[in-house]
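Colleague: First the structure, then my questions, so here it is.
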Amino acid sequence: MPYLGGEDALRELRRALANPHVQADRLRYRAAVLRVIRHMAQGADVSGLFPEMVKASAAADVVQKKLVSLYVRAQAPRQPQLALLAVNTLRKDCAHPSPAVRGLALRSLCGLRMPGIQEYLRQPLLSGLRDKASYVRRAAVLGCAKLLKLQGDSEVDGALVNELYSLLRDQDPIVVVNCLRALEEILKKEGGVVINKPIAHHLLNRMADLDQWGQSEVLTFLLRYRPRSEEELFDILNLLDGYLKSSSPSVVMAATKLFLMLAREYPHVQTDVLVRVKGPLLSACTSESRELCFTALCHVRQILGSLPGHFSSHYKKFFCSYSEPHYIKCQKMEVLCELVNDENVQQVLEELKGYCTDVSVELAQGAIFAIGNIARTYTEQCVGILTELLGLQQEHITSAVVQAFRDLVWLCPQCTDAVCRALPSCEDAIQDSEGKQALIWLLGTHGEKVPNAPYVLEDFVENVKSEMFPAVKMELLTALVRLFLSRPAECQDMLGRLLYYCIEEEMDMAVRDRGLFYYRLLQSGVEEVKRVLCSPKSDPSLGLLEDQTERPVNTWASEFNTLALVYGRERWALVTAYQPAEPSYACSPCTDSRSRDTESLISEESKEILKAHPDTGNLTLISDVYLTAEEFEKTWLSLEMSCHLSLPWCGTVQPDAIQTALHVVHIQTIAMSKAGVQPWKAYLSAQDDTGCLFLTELLLEAADSEMQVSVKQSEAKPEALQTFLSVLRTVMGAVAGLGS
Amino acid sequence: MAASALFILDLKGKPLISRNYKGDVGLGEIEHFMGLLLQREEEGTLAPLLTHGKVHFLWIKHANLYLVATTKKNGNASLVYSFLYKVVEVFCEYFKELEEESIRDNFVIVYELLDELMDFGFPQTTDSKILQEYITQEGNKLETGKSRVPTTVTNAVSWRSEGIKYKKNEVFIDVIESVNLLVSANGSVLLSEVVGTIKLKVFLSGMPELRLGLNDRVLFELTGRGKNKSVELEDVKFHQCVRLSRFDNDRTISFIPPDGDFELMSYRLNTQVKPLIWIESVIEKFSHSRVEIMVKAKGQFKKQSVANGVEIAVPVPSDADSPKFKTSVGSARYLPERNLVIWTIKSFPGGKEHLMRAHFGLPSVEKEEEEGRPPISVRFEIPYFTVSGIQVRYMKIIEKSGYQALPWVRYITQSGDYQLRTS
């Protein structure tokens, strides 16, 4: 945003800042600095004031120092040369007698995100770690993590790490937690901070001193610790018992997760834990904060998946209140579906019935589908309610009811008759594609039980030209052919018309092809059509449409209290689809759950090592040679195995990281399985400057086994092969190190 | 972990203030937020958690502001939401109200606070009492040559500073029970619960040790006083200062309190209680002509108690006009902007029954969109009374200087989420 009159304003500000009278009056001086900040916030370019601003930070006023540091932080990346001026002032402040100034200076210094700052940071940080004021130590500890982030590729400083580990014994609770946080960042590549027995026990003893943020984070760090004995395990659980009932929902969640994970081999303990957190979870579900309430509801749903009936007696807590936002109402309806049992089914259905006529279309339809879900167990009552709703003749209600019927008939064939009796006269009220499809499917599949089925379908055939949705036309074709089989006399004529239309006039290729398909199928005789269309359908008990098997707690315990659970499994898969696989899921809790960029997985440093390799020895791999998959396959099959070896591997595979790493050393990836597939395979090819091809297959049977590597060579060159293998080993070693 | 960056946006999605704590999520990412929010709202799939690419947005809305935390990690949602609410709480204590105006007016303090609340994406000092010791609004006006040291930082007790002094040492104890009620349209009670909190206002010098005695049933059974009147508390939660181990052992509530206001504990009663104020309503709508409303309110609590400030909010159609009211007690007024009639009764003794009639005209042309069925909601406060019968039996205050301190106790029952559905 261009700032009008910027030049003048800037000149005026500079004059004010440089004016010795202003400088002498602290309030005026600060006001001038504040004006600069306001200009900056409005988007004006105030970079020209850098020297004056840096000078202003030398003043004794703390608020002014803060303002200037805000300015410097914003401007430093653009003017690294000038920022050095600020660095000197800040470094001087790091030795200021007031701890507030020291802490502030240290924090500002570490907050400058500009290259080359590291060398100025080390000394102030080291003295900060030993400062007598905990305020400074807190800033210094996190400063260490910031420093490492700035350095990016360089070696982790062992002395610094040791210093931080020893600060875990600091008397200030926030310093302790900050140490954990900093170490976690610094030791990311090695799998984060190590929680051994003394550290774990120390943290357990300090829990009571921590604030709610510290408590929930420490509980998460403790996930990494494996107690040595059963006795120790139960001691820990006893010690932490109180946190299951903490007044902070995030502590309750973190404690629950820790309990579930620690007791992964004791299902009865897990169940007991879930009983104990019932109260806190329920109160979170009625929390004043909608977001916390939403999060709690998501977790309740997950628990219900493993312990159906766990919240059944509290079903009334999940009744919707008028003013609640949509996302909470939807979650509550899902919860109601899951906790329904013989005792409460009447009341739950009564309540859901009320929502079916809500003004919000989404909510009403959601409630109808919820009743449809419950109908799988309590068929008769639900079909009754749904049929009643049809009487309202509301478009969105009828559509949703018919869709619910379709899914229900499939799973509970015993209700077919009741559904068929309800169907007549629905067609007038349905306008949307989904509803039409459902109705047509029902009429086609169970048309023999609906007297007016052919006439309803005839209406659809009459209007097929103006039909908007291809999916409806497809459904209509299938339905009519089916109905023709059971009621040929009434359907023959219109089936002919429909087929004619679909083949001759329809513009949508899929519909046309479907029309042609049925036409040709019909030509082969009615018996053949019957055999194809009416052979046994898939058995619903196979769980094709529903998954009602109870899921053991351990299948989701590691996702408890993460975003993944709040999103839900399907959405989370979508959200993370194009992100690199997260190592944490398949692994033990030693790796924490955090997504990492593929780029950052391979540090600059290891890239260099990788790059260096191809030039050594007598092997040079060419970068711009690309084999197609067919060429590869042909060559692969024609060659003899040159070499076979297995490499140690731990954890899951991250295909993106491997591919990037291989690309760096000029090995082309021909094909590669997705993350998590077992067995995992990859095919690679490379060519050296003499034209010799190296084809490679990687095979990992199951996680935590050995990676099988088979290499074929187009010319027998043992020396080059050895060099190639060592390159490959280095790359895979580097990537494997990241995975675990 | 908590957040990579924190944004405060106005209603249009324009950032008023942002802090990029970690630098791994670009500040530009926030530009996608508003679009996403509107899109999801349109689809009816709005959730407090949105995603753009690899970035997750966790957001809350407060007044005319959005507070958004961004993260790339598969983190802990309830922690982030709790933190955002904490930020709101801290700002509110500084500026009374948190809204666009107060952010703009207090630009400097907001930045200072954001700096102290979080560092590198991790919550730091979030206790507003401690923050107020070294970040003061006066700091912007007054000349503060020397900066103060946050003394609390070195204390063994992180929630209380040393060297607090009062001339008169007093503790005010408020026992507040809120009644949540949900009644279906046909008059059956769907949900009735009581949420109790004990709030303290502490004006005590030094480092006092406090012990609170309640008529807790578990305690009475432990000590063999089973016959006395006692209360069964469920889902009890305490402030951080209470020693949980002692409570677990012998149900003693002992603590060193923070200075000033704080919530000591909360509990819940799941026993079904009779709704304190019962409402019967008849809302008759004659399309194209009029709406007639009859509301009967009955105080179903002890005759000696009185409910104060009773407000009964009755929904009316949004196109209603020309209101007419008749009340047996109190006054009624029409709030067209909220489509409500509010019937106010200043004092409502137990056992009494009151009546209100309202009459509205309806336009002859009916409007298109359908309306929801908002419930009747009730607000009230009954002093000197608790539903549970909880009692503070004693409050012992011990400080090494040996001063005498007075505890004052107040009991109040009030309405929480108190709703009666209409048909």
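Colleague: Taking trypsin sites (Lys or Arg not before Pro) as exposed when DSSP calls them loop (any state but H, G, I, E, B) and at most 14 other Cβ atoms lie within 10 Å, what is the longest stretch of chain B free of them, the sites themselves excluded?
Modeller: Counting only loop sites that pass the neighbour cut-off, the longest clear stretch is B:13-95.
Colleague: What is the angle, in °, between the Cα long axis of helix A:230-240 and the longest principal axis of the Cα atoms in chain A? Nearest 10 is fine, range 0 to 90.
Modeller: 80
Colleague: Work out the mean other chain Cβ neighbour count within 10 Å for the residues of A:317-326 and drop it here as an integer.
Modeller: Averaged over the peptide's residues, the number is 5.
Colleague: Is there a quick way to get the dipole size of chain A? I mean about its Cα centre, with the Cβ of Lys and Arg at +1 and of Asp and Glu at -1; what is the value in debye to the nearest 20?
Modeller: Numbers: 75 positive and 92 negative charges, 744 e Å.
In debye, rounded to 20, chain A gives about 3580.
Colleague: Also, quick follow-up: Just how many % of Cα pairs in chain B lie over 40 Å apart, if you round to the nearest whole percent?
Modeller: Percentage above 40 Å: 36.
Colleague: Something else now. How well do other chains shield peptide A:32-43, expressed as the mean number of their Cβ atoms within 10 Å of each residue Cβ?
Modeller: Other-chain Cβ atoms within 10 Å of each residue's Cβ, averaged: 1.
Colleague: Considering the alpha-carbon set of region A:96-200 alone, what are its Rg and its Dmax in angstrom?
Modeller: Spelled out, the Cα radius of gyration and Dmax of region A:96-200 are 13.1, 39 Å.
Colleague: How do A:267-274, A:196-203 rank on mean C-beta neighbours within 10 Å, highest first?
Modeller: The packing order, highest mean first, is A:267-274, A:196-203.
Colleague: Between A:Ala60 and A:Ser673, what is 0.36 nm times their sequence separation minus the Cα-Cα distance? Round to one decimal in nm.
Modeller: The A:Ala60-A:Ser673 span can extend by a further 214.5 nm.
Colleague: From the cross-link list A:Lys329/A:Lys473; A:Lys634/A:Lys674; A:Lys132/A:Lys257, which pairs have alpha carbons spaced over 25 Å apart? Let's see the in-between values first.
Modeller: Values: A:Lys329/A:Lys473 35 Å; A:Lys634/A:Lys674 23 Å; A:Lys132/A:Lys257 36 Å.
The answer is A:Lys329/A:Lys473; A:Lys132/A:Lys257.
Colleague: While we're here: Return the Cα extents of region B:184-332 along principal axes one, two and three, sorted largest first, each rounded to a whole Å.
Modeller: Rounded to whole Å, the extents work out to 68, 37, 27 Å.
Colleague: Take region B:333-423, compute every pairwise Cα distance, and split them into 10 Å bins from 0; I just need the percent in each bin.
Modeller: Cα pair-distance distribution for region B:333-423, in percent: 10, 28, 23, 16, 12, 7, 3, 1.
Colleague: Still on this structure, please answer the following. When the helices in the protein assembly as shown are scored as -39500 (n - 2.57) per DSSP H run of 4 or longer and the sum is shared across all residues, what 222 nm value do you end up with, to the nearest 500 deg cm²/dmol?
Modeller: Result for the protein assembly as shown: -13500 deg cm²/dmol, rounded to the nearest 500.
Colleague: Looking at A:Gln347, A:Cys293, A:Leu307, which one has the Cα that reaches farthest to the positive end of the dipole of region A:284-367 (charges on Cβ: Lys, Arg +1; Asp, Glu -1)?
Modeller: Value computed over the given set: A:Cys293.
Colleague: Got a sec? Charge dipole of the protein assembly as shown, +1 on Cβ for Lys and Arg, -1 for Asp and Glu; which of A:Val402, B:Ser161, A:Leu639 is way out at the positive end?
Modeller: Of the candidates, B:Ser161 comes out farthest on the positive side.
Colleague: For chain A, what is the relative contact order in percent, using Cα pairs closer than 8 Å and at least 6 residues apart in sequence?
Modeller: 7
Colleague: Cross-link partners among lysines for A:Lys66, C-alpha distance below 16 Å, same-chain residues fewer than 8 apart left out?
Modeller: Partners within reach: A:Lys55, A:Lys92, B:Lys141, B:Lys146.
Colleague: Counting other C-beta atoms within 10 Å, and keeping those with at most 16, which DSSP coil GluC sites (Glu not before Pro) do you find in region A:216-280?
Modeller: A:Glu265
Colleague: Among all stretches of chain A without exposed chymotrypsin sites (Phe, Trp or Tyr not before Pro) (DSSP loop, at most 13 other Cβ atoms within 10 Å), which one is longest?
Modeller: A:1-577
Colleague: Taking neighbour counts of Cβ atoms within 10 Å as a proxy for exposure, in what order, fewest first, do B:Val236, B:Val365, B:Val68 appear?
Modeller: Taking fewest neighbouring Cβ atoms as first place, the list is B:Val365, B:Val236, B:Val68.
Colleague: A further question on this structure: Report, in debye and to the nearest 20, how large the dipole of chain B comes out about its Cα centre when Lys and Arg carry +1 and Asp and Glu carry -1 on their Cβ. Write out the running numbers ahead of the final one.
Modeller: Working: 54 positive and 54 negative charges, 383 e Å.
Around 1840 debye, computed over chain B.
Colleague: Which of the trypsin sites (Lys or Arg not before Pro) found in region A:91-154 are loop residues per DSSP with 13 or fewer other Cβ atoms within 10 Å of their Cβ?
Modeller: Sites meeting the loop and neighbour criteria: A:Arg130, A:Lys132.
Colleague: Something else about it: What percentages make up the Cα-Cα pair-distance distribution of region B:319-382 when the bins are 10 Å wide from 0?
Modeller: Result returned by the calculation: 16, 45, 27, 10, 2.
Colleague: Could you name the lysines in cross-link range of B:Lys54, using Cα to Cα under 16 Å and dropping any fewer than eight places away on the same chain?
Modeller: Filter leaves B:Lys22, B:Lys72, B:Lys73.
Colleague: Just give me a number: lysine pairs in region B:241-367, eight or more positions apart or cross-chain, with C-alpha atoms less than 26 Å apart.
Modeller: Taking region B:241-367 as the scope, the lysine pair count is 29.
Colleague: Label-point separation (nm) for B:Arg393 and B:Arg338, each offset 7 Å from Cα along Cα-to-Cβ?
Modeller: The answer from the label model is 4.3 nm.
Colleague: Related question: In vacuum, with every alpha carbon of chain A counted as one equal point scatterer, what does the Debye formula give for log10 I(q)/I(0) at q = 0.06, 0.09, 0.10, 0.11 Å⁻¹? Two decimals, please.
Modeller: Debye curve over Cα of chain A, log10 I(q)/I(0) at q = 0.06, 0.09, 0.10, 0.11 Å⁻¹: -0.61, -1.11, -1.18, -1.21.
Colleague: Once you wrap a convex hull around the alpha carbon atoms of region B:65-108, what is its projected area averaged over all directions, in nm²?
Modeller: Working: hull surface 14.2 nm².
Directional mean of the projected Cα hull area for region B:65-108 stands at 3.5 nm².
Colleague: Continuing with the same structure: Compare the Cα positions of A:Cys330, A:Ala479, A:Val161 along the charge dipole of chain A (+1 at Cβ of Lys, Arg; -1 at Cβ of Asp, Glu; about the Cα centre) and return the one farthest towards the positive end.
Modeller: Value computed over the given set: A:Val161.
Colleague: With a ≥ b ≥ c taken as the square roots of the eigenvalues of the C-alpha gyration tensor of region A:265-387, please select rounded if a/c is under 1.5 and otherwise prolate if a/b is larger than b/c or oblate if it is not?
Modeller: Taking the square roots of the gyration eigenvalues as a ≥ b ≥ c, region A:265-387 is oblate.
Colleague: How far, in degrees from 0 to 90, does helix A:158-167 lean away from the longest principal axis of the Cα atoms of chain A, to the nearest 10?
Modeller: 80
Colleague: Now for a separate question. Hey, what did chain B get for relative contact order, percent, Cα under 8 Å, at least 6 apart?
Modeller: 15
Colleague: Under the definition of partner shielding as Cβ atoms of other protein chains within 10 Å of a residue Cβ, what is the mean value for peptide B:43-56?
Modeller: Going residue by residue through B:43-56 and averaging, the value is 5.
Colleague: Sticking with this structure for a sec: Please report, in debye to the nearest 20, how large the charge dipole of region A:151-199 is about its Cα centre when each Lys and Arg carries +1 at its beta carbon and each Asp and Glu carries -1 there.
Modeller: 260
Colleague: Another one. Show which aspartates and glutamates lie in cross-link reach of B:Lys400 when reach means a straight Cα distance below 14 angstrom and same-chain residues fewer than eight apart are skipped.
Modeller: Once the sequence-local aspartates and glutamates are set aside, what remains near B:Lys400 is B:Glu162, B:Glu209.
Colleague: Also, I was wondering about something else. Please order A:Glu715, B:Glu116 by the number of other Cβ within 10 Å, starting at the fewest.
Modeller: In increasing order of surrounding Cβ atoms, one gets A:Glu715, B:Glu116.
Colleague: Then there's this: Report, to the nearest 10°, how far helix A:290-306 tilts away from the longest principal axis of the Cα atoms in chain A, using its own Cα long axis and a range of 0 to 90°.
Modeller: Its long axis makes an angle of about 60 degrees.
Bear in mind that the values in this text are calculations on the coordinates, not laboratory data. Fair warning: this is a prediction, and the values are worked out from it, not measured in the lab. Backbone-built Cβ (ideal geometry, glycine too); neighbour counts: all protein chains shown.
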